[in-house]
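The values are calculated or read from the model by the stated rules, or taken from the named source; none is laboratory data. From a predicted model like this one, the values you see are computed outputs, not experimental measurements. Note: ideal-geometry Cβ built from the backbone for every residue, glycine included; neighbour counts use all protein chains shown.
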């Protein structure tokens, strides 16, 4: 799921702007192919209903074809014996929710790493500055030497 999320390919929404019929064909073929693993394969009409549902809902338009492949693998490897459009759409909804949680986790990791990098940069700048804590002792000892010379 993480690889599918981080892939740089366009989403279903962007692909459908270019050629919606081609995207519908891809989605229907994908779900018809996964339904071959079950007792009753999906008909063309049922697969087109799934494709239309994916392209009509805003939250699913951000999915990529890689995400749909992951969903198909989850369906194929699941404990389901009969496949229906409702079952597929339930799996898509579950995957979409998990994907949102993954996006939040990835953004949190990126935020934490950028904070640490910024803190490290600030610490390096403070260490390089003359009046930083490491150099304060040098400055104080130098003042003492100068004062002791002129006493």
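Does residue 69 count as under 30 Å from residue 34 (Cα atoms), surrounded by 10 or more Cβ atoms within 10 Å (Cβ to Cβ) and modelled with pLDDT under 80?
The answer is no for residue 69.
Checking the structure you have, find out if any residue of region 104-114 is farther than 20 Å from residue 20 by Cβ, assigned by TED's automatic domain parsing to the domain that holds residue 20 and touching a residue at least 24 places away in the same chain (Cβ under 8 Å).
Yes, because at least one residue in region 104-114 is farther than 20 Å from residue 20 by Cβ, assigned by TED's automatic domain parsing to the domain that holds residue 20 and touching a residue at least 24 places away in the same chain (Cβ under 8 Å).
Filter region 128-151 for residues that are in a helix (DSSP H, G or I) and at pLDDT below 70 and give the result.
133, 134, 135, 136, 137
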